[in-house]
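Single-structure report; data block below.
The values are calculated or read from the model by the stated rules, or taken from the named source; none is laboratory data. Just so it is clear, the structure is predicted and the values come from calculations on it, not from any experiment. Here the Cβ is made from the backbone with ideal geometry for all residues, glycine too, and neighbour counts use every protein chain on show.
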Amino acid sequence: MKKTKSASDTLLSVIKYILLTFIMIIVLFPLIWLAISAFKMEKEIISFPPSVLGTKYTLKSFERIFSSIPMAKYIKNTVIFALGSTFLSVMFDSMTGYAFARLNFKGKHILFILVLLTMMVPFQVMMIPLFLESNALGLLDTYIGLILPKATSAFGIFMMRSYFASLPKELEEAGRIDGLSEFGIYWKIMFPLVIPGVLTLTIFHLMNNWNDLLYPLMMTSSTQMRTLSAGLALFVGDHATTYYGPQLAGALLSVLPLLIIYIFFQKYFITSVTTSGMKE
Amino acid sequence: MNKLKKWKNFINKPGNAAYLFLLPSAVILIVFAVVPLIASLIISLFHMNIFFTGTGFVGLANFKAAFTDSRFWNALWNTVIFVLFEVPLQIVIGLLVANALASTSLFNKAARSVFFLPVVCSMAAVGITWSILLDSNIGFIPYVLELIGIKNAAFFRGASTAMPTVIAMTVWKNFGYTMSILIVGIQGISKSYYEASEIDGAGKVKQFFSITLPLLKDTLGFCLITNTIGSLQVFDQVYVTTQGGPQYRTETLVQYIYKTGFNQPYNLGYASTISVLLLILILFISLPMYKKMFMEKE
């Protein structure tokens with residue numbers, strides 16, 4: 001087949017590259033500006049006319065954010081919350097997904113419908129009773145209280161179920177003949193075969209938990225228990241008393257860990273989005 | 001010893017083991033999702049504040065109050081406006097970019113990675129960055145606009161510009177998400193369609209409208225509904241940038257729920273009522289999608 005590009009198609013591809021480059025600038029500019037401005041001196045951030053590059057770079061804004069809010073605490077809390085709930089959720093989601101995909105038991109259908117129902121209900125609707133319940137159980141302002149409600153997700157169960165369902169049927173039989181227990185079959189044979197799914201789900205949970213704002217905002221009331229998103233949002237809410245530089249330094253520090261993980265595990269970030277399509 | 005053996009035998013029947021596999025998730029989902037959901041429906045019928053003073057059953061009084069509450073209607077209106085502009089913009093931009101980047105080349109791969117960057121960033125960090133970048137006193141963007149003759153661009157602080165700015169920021173952050181889903185959809189379309197139409201002499205534009213668009217219908221519908229559900233829950237971007245202001249012009253439903261329940265007047269009953277109304281709205285929109293999704297999976 002001969003490919004003859006018409007004049008209009010050539011023009012189109014020129015326009016395409018110009019537009020794409022333009023969008024790339026729009027996407028990158030705020031991020032680059034953030035990365036540079038976090039290192040500027042406060043007086044250069046508020047100087048007129050503003051300049052993108054500035055002249056002198058300093059860590060002053062970083063020092064300020066650590067001294068004006070318990071930033072180190074926020075980082076620690078976010079790491080504990082995000083890693084803890086992600087780890088537990090991936091484990092429990094995959095166990096439950098496995099049961100729904102590979103085991104036959106009474107009430108399977110109705111239980112699965114129940115799982116799907118909880119997937120349809122947005123978090124905001126359960127927010128107030130969840131707060132009251134956590135308060136009654138003494139879970140507010142504790143790590144357990146932050147982690148436990150996020151230690152499983154209907155979406156994760158749904159996703160792991162489809163990963164386990166795609167494995168060939170003979171696998172369990174072989175395991176049973178070898179005398180493995182049911183949990184042994186799951187853990188030693190089946191789980192290693194769905195590692196791509198596990199990684200995808202891990203990234204999905206990690207990204208959502210790390211960035212979550214409303215949930216930690218509601219479940220923590222002491223400044224010492226806030227996560228990065230919640231702590232920074234409240235810090236910014238106090239416009240009159242704060243410098244601009246520390247806000248930017250805090251924002252940069254809060255996105256950096258995920259961006260670094262994104263560089264290495266880009267594939268799983270994209271699949272976590274494309275297999276999900278569900279926003280939490 | 002005998003007991004242990006019996007237990008082992010019992011639990012190694014797949015039908016019994018299944019319940020142990022389910023147990024952790026089931027307990028968590030029941031305690032932290034099913035119970036709160038039911039409680040939400042009940043609390044919406046109660047007068048209840050955070051200090052539990054004067055708690056009592058009031059029937060549908062909260063719902064009646066909502067229908068005459070101008071702040072509720074304002075929040076609903078703002079939410080609808082947000083959805084009506086944010087969702088189509090995100091899908092159209094996502095679609096055009098996905099169509100341009102679907103084939104695998106080095107440039108395309110790099111562009112995709114760049115467009116996905118804001119998706120990874122938290123709305124808190126994005127909100128802080130945009131607020132300062134667009135600040136009317138010290139912001140870089142208002143300064144540039146002034147150079148080209150656009151004066152006093154207020155962005156987040158203007159009554160008429162705040163909502164469009166929140167929408168623009170959300171599209172900026174999220175279009176890479178829709179793009180990624182649509183790229184997978186476009187890559188799933190058989191190459192033979194395009195080859196056949198090329199022989200017929202169809203140009204790229206015609207191919208887009210006669211092949212890509214119709215065959216992407218399901219994926220687009222999926223994006224439309226999930227984006228709409230997500231957008232109806234808009235909160236983070238408003239909370240970080242405008243807090244619902246100026247003059248309640250960006251106050252959305254979830255923002256109103258949060259403020260009513262967790263700030264003055266700490267009215268949990270009424271906040272629950274609004275959240276139940278939000279649930280009804282969301283279910284109404286999402287049911288067709290779930291129906292389709294489950295029928296395909298089962």
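Taking region B:32-65 as the range and being buried (at least 20 other Cβ atoms within 10 Å of the Cβ), in a helix (DSSP H, G or I) and of a type outside the set (S, T, N, Q) as the test, the residues that pass are B:32, B:33, B:36, B:43. Each residue in region B:235-265 was checked for being more than 10 Å from chain A (Cβ to nearest Cβ) and assigned to a loop (DSSP other than H, G, I, E, B), and 13 pass.
Quick check, is residue A:259 surrounded by fewer than 21 Cβ atoms within 10 Å (Cβ to Cβ), out of contact with any Pro (no Cβ under 7 Å at 6 or more places or on another chain) and more than 7 Å from every other protein chain (Cβ to nearest Cβ)? The answer is no for residue A:259.
Residue selection: residue B:85 satisfies the criterion of being under 19 Å from residue B:163 (Cβ atoms), out of contact with any Ser or Thr (no Cβ under 6 Å at 6 or more places or on another chain) and modelled with pLDDT of 85 or more.
Among residues of region A:38-53 that are under 18 Å from residue B:128 (Cα atoms), those with a Cβ under 6 angstrom from a residue that is among the hydroxyl-bearing types (Ser, Thr, Tyr) and surrounded by fewer than 19 Cβ atoms within 10 Å (Cβ to Cβ), sequence gap 6+ or separate chain, pair up as A:39/A:57; A:41/A:58; A:42/A:243; A:50/B:143.
Considering region A:35-52, the residues that are within 11 Å of chain B (Cβ to nearest Cβ) and in a loop (DSSP other than H, G, I, E, B) include one that is surrounded by the most Cβ atoms within 10 Å (Cβ to Cβ), namely A:38. If you check B:103, B:136 for being touching a helix residue (DSSP H, G or I) at 6+ places or on another chain (Cβ under 8 Å) and of a type in the set (Ser, Thr, Tyr), only one passes: B:136.
Only residues that are surrounded by 17 or more Cβ atoms within 10 Å (Cβ to Cβ) and over 14 Å from residue A:99 (Cβ atoms): list them for region A:160-190, please. Scanning region A:160-190 gives A:175, A:180. When residue B:127 is tested against (1) of a type in the set (Gly, Ala, Ser); (2) over 28 Å from residue A:210 (Cα atoms); (3) in a helix (DSSP H, G or I), only condition (2) is not met. In this structure, residue B:144 does not satisfy being free of Cβ contacts under 8 Å to residues at least 24 places away in the same chain, within 20 Å of the chain's Cα centre (by Cα), over 29 Å from residue A:226 (Cβ atoms) and part of a helix (DSSP H, G or I).
For region B:211-234, a tally of residues being over 20 Å from the mean Cα position of the chain (by Cα) and part of a helix (DSSP H, G or I) returns 6. Counting only helices (runs of 4 or more DSSP H) that fall entirely inside region A:104-221 and contain at least 2 residues that are in contact (Cβ under 8 Å) with a residue 24 or more places away in the chain, the qualifying elements are A:108-120, A:123-136, A:143-147, A:154-165, A:195-211, A:214-219. Considering only residues of region B:173-200 that are in contact with a Phe, Trp or Tyr (Cβ under 8 Å, 6 or more places away or on another chain) and of a type in the set (A, V, I, L, M, F, W, C), which is surrounded by the fewest Cβ atoms within 10 Å (Cβ to Cβ)? Step by step, filter region B:173-200, then rank; the result is B:181.
Look at (1) touching a residue at least 24 places away in the same chain (Cβ under 8 Å); (2) more than 20 Å from residue B:215 (Cα to Cα) and you find that residue B:102 fails only one, number (2). Here residue B:40 fits the description: among the hydroxyl-bearing types (Ser, Thr, Tyr), within 8 Å of chain A (Cβ to nearest Cβ) and within 25 Å of residue B:283 (Cβ to Cβ). When residue B:201 is tested against (1) outside any helix (DSSP H, G or I); (2) within 8 Å of chain A (Cβ to nearest Cβ), exactly one condition is not met: (2).
Considering only residues in region A:94-110 that are within 7 Å of another protein chain (Cβ to nearest Cβ) and closer than 18 Å to residue B:27 by Cβ, the one that is surrounded by the fewest Cβ atoms within 10 Å (Cβ to Cβ) turns out to be A:105. Criterion applied to B:160, B:136 was being more than 7 Å from every other protein chain (Cβ to nearest Cβ), more than 24 Å from residue B:81 (Cα to Cα) and hydroxyl-bearing (Ser, Thr, Tyr), and the one residue passing it is B:136. Any idea which residue in region A:185-240 is modelled with the lowest pLDDT, counting only those that are of a type in the set (Phe, Trp, Tyr) and in contact with a Ser or Thr (Cβ under 8 Å, 6 or more places away or on another chain)? This residue is A:235.
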